[in-house]
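Notes to accompany the following structure.
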Amino acid sequence: MNLIAAVDKNWAIGKNNQLLVRIPADQKFFRETTTGKVVVMGRKTLESFPNGLPLKNRTNIVLTKDKNYKVKDAIVLHSMDELMVELEKYDSDDIYIIGGEKIYAQLVDQCDVAHITKIDYEYDADAYFPNLDEKPEWVITGDSEEQTYFDLIYYFYRYERKA
């Protein structure tokens, strides 16, 4: 399974259920990487999307404790056990964990690849991604040249879990 996220210097990913910043090249990378794939998210991440609707051209899986939660065009599950059973239906390489904080924390140890856009800036935030640089089992296996968006500098990184 894969993780995909944009993080700041402190591995922050959001504030008040919103992304810290929207970088067009990062959004394009996310769209191109996940289109036609399976995306797994928490309820709050889904609700942060435009009109709270699932992402087009993807299999959307939403994890929530709310047993009454329903979403058109998404698979709604209520436990990690249910999620694991559902994910067995798909090729592991086609599964992308897309947030938020709780979902990343629960699934990071079951993933093999992480696509991380690192933004060289420190935001005021209330949600964080697990710091892969502090986890010895994760190594950087790919990185991009320096990218810029106005005055922001960022990089695309690929992390892989050591066998």
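Some points to look at:
- J(HN,Hα) series, segment 31-40, from Karplus relation 6.51 cos²θ - 1.76 cosθ + 1.60, nearest Hz, glycine and proline x: 4, 5, 6, 9, 4, x, 10, 9, 10, 10
- The largest accessible area among LYS135, LYS9, LYS102 belongs to the first residue in LYS102, LYS9, LYS135, and the rest follow in falling order (1.4 Å probe, all chains).
- Where ASP126, ASP81 fall by accessible area, highest first, once all protein chains stay in place (1.4 Å): ASP81, ASP126
- Computed on the Cα trace of segment 73-163, the radius of gyration divided by the Kirkwood hydrodynamic radius gives Rg/Rh = 1.00.
- Across the chain, the longest piece that holds none of the GluC sites (Glu not before Pro) lying in DSSP loops with up to 12 other C-beta atoms within 10 Å covers 1-87.
- Per-residue Karplus couplings for segment 91-106, computed as 6.51 cos²θ - 1.76 cosθ + 1.60 with θ equal to phi - 60°, are listed in order as 5, 3, 5, 9, 9, 10, 8, 10, x, x, 3, 5, 5, 4, 4, 6 Hz, Gly and Pro entered as x.
- Counted over segment 44-163, the DSSP beta bridges are approximately 85% antiparallel.
- A simple rule links phi to the HN-Hα coupling: the Karplus curve 6.51 cos²θ - 1.76 cosθ + 1.60 with θ = phi - 60°, which for segment 73-81 gives 6, 9, 9, 9, 10, 10, 7, 5, 4 Hz, with x for Gly and Pro.
- Area accessible to solvent at ARG31, 1.4 Å probe radius, in Å²: 120
- Of the cross-linked pairs LYS37/LYS135; LYS37/LYS118; LYS70/LYS162; LYS56/LYS135, those separated by over 31 Å at the C-alpha level are LYS70/LYS162; LYS56/LYS135.
- Amide H to amide H, with H built 1.01 Å from N, GLY100 comes under 5 Å of GLY42, THR45, counting only residues 5 or more places away or on other chains.
The values are calculated or read from the model by the stated rules, or taken from the named source; none is laboratory data. On a predicted model such as this, the values are computed, not experimentally measured, just so you know. Cβ: placed from backbone, ideal geometry, glycine included. Neighbour counts: every protein chain shown. Heads up: the accessible areas ignore ligands, DNA and RNA and are worked out on the full protein's heavy atoms, side chains in. Shrake-Rupley method; radii C 1.70, N 1.55, O 1.52, S 1.80 Å.
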